[in-house]
Amino acid sequence: METKQRTIVVAGGTGALGGSVVRAFLTSGARVISTFVKQAEFEALAKQAGEGLSGVSLDVTDELAVAKFVAETESKYSAIDALVIAVGGYASGKQLWETDTATYELMLNLNLRAAFVMTRAVLPGMIRQNRGAIVNVASKAGYGHAAGAAMYAASKAGVMALFDSLAEEVKAYNINVNSIVPSIMDTPANRRNMPTADFKIWPKTDDIAKVIVYLCSDEAVVIRGAAVPVYGRT
């Protein structure tokens, strides 16, 4: 799907899925801005991605920093056409009564607050231009609440509910708001953590990225408020 002349912000573009999303949008002809935390990770991504990519070091949970970034981006490029939220984190292995408040705050910050802060910042501009697309990377854990991962599951369920409500709020402004819902993705981290698994059945991040690009394209105009499963055969 072509997204030529579009400005796309990928929050968390240096992660495994985020990098695939960045490259997919660049291939489609878009201008891409990736947020990052570690400079070295962005430099590695930039070497792979080629022209059309820029980056900004940004704490996506910091309201003031995000607002400044959005204002500067809109001033430079006139608009942000699409936002992809690929920021997130995972913590598990403890029962709820063993989980400390630091883990609770980490999961809510990475998986819910980041989506809230980034989305709230870009929406006024999208409303003014009467168009836009926002895609959040959720998780199948938001449906299946496994033992030992209560905080992760709660944060992912929360962000899906947030996006479901938001889709209703912005439908009058021609803004498409959707989530994708992966299970296990084929990433280096997952391979390290589950070395005996059957990697062949895990969805590739490049394939999931194609779904995200589609949801941000004009061809997906009728898809709104969806939680699109991208489980593959997992």
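Entry remark, the stretch 90-110: residues being crowded, with 16+ Cβ neighbours inside 10 Å and under 19 Å from residue 65 (Cβ atoms) number 4 in total.
Considering the conditions (1) under 23 Å from residue 20 (Cα atoms); (2) modelled with pLDDT under 90; (3) assigned to a helix (DSSP H, G or I), residue 105 is excluded by exactly one of them, (1).
When the residues of the stretch 39-60 are filtered to those that are part of a loop (DSSP other than H, G, I, E, B) and at pLDDT 95 or above, which remaining residue is farthest from residue 8 (Cα to Cα)?
Out of the qualifying residues, it is 59.
The set of residues from the stretch 26-38 being out of contact with any helix residue (DSSP H, G or I) (no Cβ under 8 Å at 6 or more places or on another chain) and assigned to a loop (DSSP other than H, G, I, E, B) comprises 29, 30, 37, 38.
Cβ-Cβ distances below 9 Å connect the following pairs, each with a first residue in the stretch 210-234 that is on the phi < 0 side of the Ramachandran plot, a second residue that is acidic (Asp, Glu) and crowded, with 18+ Cβ neighbours inside 10 Å, and a separation of six or more residues or different chains: 216/81. Answer yes if at least one residue in the stretch 8-18 is without any contact (Cβ under 8 Å) to a residue 60 or more places away in the chain and under 22 Å from residue 106 (Cα atoms), and no otherwise. There is at least one residue in the stretch 8-18 that is without any contact (Cβ under 8 Å) to a residue 60 or more places away in the chain and under 22 Å from residue 106 (Cα atoms).
I'd like the residue in the stretch 69-102 that is charged (D, E, K, R) and either part of a helix (DSSP H, G or I) or touching a residue at least 40 places away in the same chain (Cβ under 8 Å) (or both) and, out of all such residues, is nearest to residue 16 (Cα to Cα).
That would be 81.
Only one of the numbered conditions (1) of a type in the set (Lys, Arg); (2) within 16 Å of the chain's Cα centre (by Cα); (3) within 22 Å of residue 209 (Cα to Cα) is not met by residue 113, and that is (3). For the stretch 19-43, the tally of residues that are farther than 20 Å from residue 88 by Cα, surrounded by fewer than 23 Cβ atoms within 10 Å (Cβ to Cβ) and touching a residue at least 24 places away in the same chain (Cβ under 8 Å) stands at 4.
Out of curiosity, is residue 74 under 22 Å from residue 136 (Cβ atoms) and more than 19 Å from the chain's Cα centre (by Cα)? So residue 74 fits the description; yes.
The helices (runs of 4 or more DSSP H) found entirely in the stretch 125-234 that carry 1 or more residues being under 14 Å from the mean Cα position of the chain (by Cα) and buried (at least 22 other Cβ atoms within 10 Å of the Cβ) are 150-169, 205-215.
The values are calculated or read from the model by the stated rules, or taken from the named source; none is laboratory data. If you're wondering where the values come from, they're calculated on a predicted model, not measured in any experiment. Neighbour counts are summed over all protein chains in view; Cβ atoms, including those assigned to glycine, are modelled from backbone coordinates with ideal geometry.
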